[in-house]
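Working notes, beginning with the structure itself.
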Amino acid sequence: DFMKNEIVALIPVREGSQRVKNKNFIDFAGRRSLLDIKIDDLKQAGCFERIYISSDSDRVKQIAKENGIDFLERATEMCQSSVIWADVVEHIMNTIPGNPIVIWALATSPLFNRYTNAVKDFLAHKENDSLVAVLPKKSFFINKFGRGINYNPGYWHQYSQELETYYEVTGACYIGRKSDMLKWKYWFGIKPYLFEVSETEAIDVDTLEQFKFAQKLHKTLL
């Protein structure tokens with residue numbers, strides 16, 4: 001199935017990270033940045049015909065060149081945090097040549113690298129229009145009034161294994177065909193395959209605390 005489909009990886013990168021200054025470029029693990037790690041992960045996966053980086057940054061353009069991967073020029077207004085995400089998805093998709101299957105690979109998920117597994121699962125489930133990496137959760141949720149959202153607190157409190165599983169969408173991986181993503185203006189469609197990831201793989205680096213935590217885990221595990 002790999003051979004029959006053109007499969008490409010896409011790393012979207014903005015320079016202006018809000019909470020952690022230059023988080024994609026600063027040292028994360030032994031002189032390697034989050035972006036370096038993601039490029040290495042995708043190269044090692046061995047199932048991509050092309051690896052694209054989408055950005056408006058000259059620094060990113062240089063990094064793409066040094067790594068022998070393709071740079072997709074993104075309009076500067078499509079790198080602002082104020083822009084509607086649907087417009088960003090549409091804009092980036094329109095910069096990708098042809099109509100390949102696209103894997104979104106976010107640099108902010110440094111502990112996820114099971115891309116080959118995700119691609120195989122997506123290709124094996126023809127009934128699904130897309131794939132989304134999710135973290136299964138059996139947790140007790142209450143609202144701001146202390147009322148149970150997915151269980152009844154008090155006398156009726158059940159064991160966690162009896163709870164319905166909820167799935168938290170993670171930034172680890174999204175897969176779909178380019179033409180479909182253009183139609184949805186989104187990462188996944190209405191019948192996504194839920195690709196389950198571990199707590200570790202689900203870690204998303206957004207704050208300085210998460211950056212440091214992911215750094216420690218990466219050092220220990222990889």
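The values are calculated or read from the model by the stated rules, or taken from the named source; none is laboratory data. The structure presented is a predicted model; accordingly, all values stated were derived computationally and were not measured. For neighbour counting, all protein chains shown are included, and Cβ atoms are generated from backbone atoms with ideal geometry for every residue, glycine included. Remember, those area values only see protein heavy atoms, side chains included, never the ligands or the DNA or RNA. Shrake-Rupley method; radii C 1.70, N 1.55, O 1.52, S 1.80 Å.
With the structure loaded, tell me whether residue 129 is at pLDDT 95 or above and of a type in the set (D, E, K, R) or whether it fails that test. Outline the logic, then answer.
Working: at pLDDT 95 or above: yes; of a type in the set (D, E, K, R): yes.
Taking the combined requirement at face value, the residue satisfies it.
Looking only at the range 130-148, which residues are touching a strand residue (DSSP E or B) at 6+ places or on another chain (Cβ under 8 Å) and either open to solvent by 50 Å² or more (accessible area, probe 1.4 Å) or within 15 Å of residue 5 (Cα to Cα) (or both)?
Of all residues in the range 130-148, those touching a strand residue (DSSP E or B) at 6+ places or on another chain (Cβ under 8 Å) come to 130-142, 148.
Hits for the range 130-148 are 130, 137, 138, 140, 141, 142.
From the list 151, 186, 167, 155, which one is surrounded by fewer than 20 Cβ atoms within 10 Å (Cβ to Cβ), hydroxyl-bearing (Ser, Thr, Tyr) and not in a loop (DSSP other than H, G, I, E, B)? Outline the logic, then answer.
Values: 151 fails: not in a loop (DSSP other than H, G, I, E, B); 186 fails: not in a loop (DSSP other than H, G, I, E, B); 155 fails: not in a loop (DSSP other than H, G, I, E, B).
Answer to the selection: 167.
Being of a type in the set (D, E, K, R), under 19 Å from the mean Cα position of the chain (by Cα) and either exposed (fewer than 14 other Cβ atoms within 10 Å of the Cβ) or outside any loop (DSSP other than H, G, I, E, B) (or both) is the filter here, so list the residues in the range 56-84 that pass it. Show your work before the answer.
At the first step, the residues of the range 56-84 found to be of a type in the set (D, E, K, R) are 56, 58-59, 61, 65-66, 70, 73-74, 77.
Filter once more, so that each one left must be under 19 Å from the mean Cα position of the chain (by Cα): 70, 74.
Result: 70, single match.
Provide a single number: the residues in the range 37-55 that are free of Cβ contacts under 8 Å to residues at least 40 places away in the same chain and open to solvent by 50 Å² or more (accessible area, probe 1.4 Å).
First, the residues of the range 37-55 that are free of Cβ contacts under 8 Å to residues at least 40 places away in the same chain: 39-40, 43.
Subsequent filtering for residues that are open to solvent by 50 Å² or more (accessible area, probe 1.4 Å) retains 43.
Total satisfying the criteria: 1.
Assuming residue 184 fulfils every condition listed in (1) hydrophobic (A, V, I, L, M, F, W, C); (2) out of contact with any Phe, Trp or Tyr (no Cβ under 9 Å at 6 or more places or on another chain); (3) at pLDDT below 95 apart from one, which condition is it?
(3)
If residue 209 passes every condition in (1) under 17 Å from residue 10 (Cβ atoms); (2) surrounded by fewer than 16 Cβ atoms within 10 Å (Cβ to Cβ); (3) of a type in the set (D, E, K, R) but one, which one does it miss?
(1)
Got a sec? Which of 82, 109, 54 is closer than 30 Å to residue 190 by Cβ and at pLDDT below 95? If you could, list the steps in order and put the result at the bottom.
Working: 109 fails: at pLDDT below 95; 54 fails: at pLDDT below 95.
Answer to the check: 82.
Mind checking which pairs have a first residue in the range 89-101 that is open to solvent by 10 Å² or more (accessible area, probe 1.4 Å) and a second that is of a type in the set (A, V, I, L, M) and at pLDDT below 95, Cβ under 6 Å, 6 or more apart or different chains?
91/78
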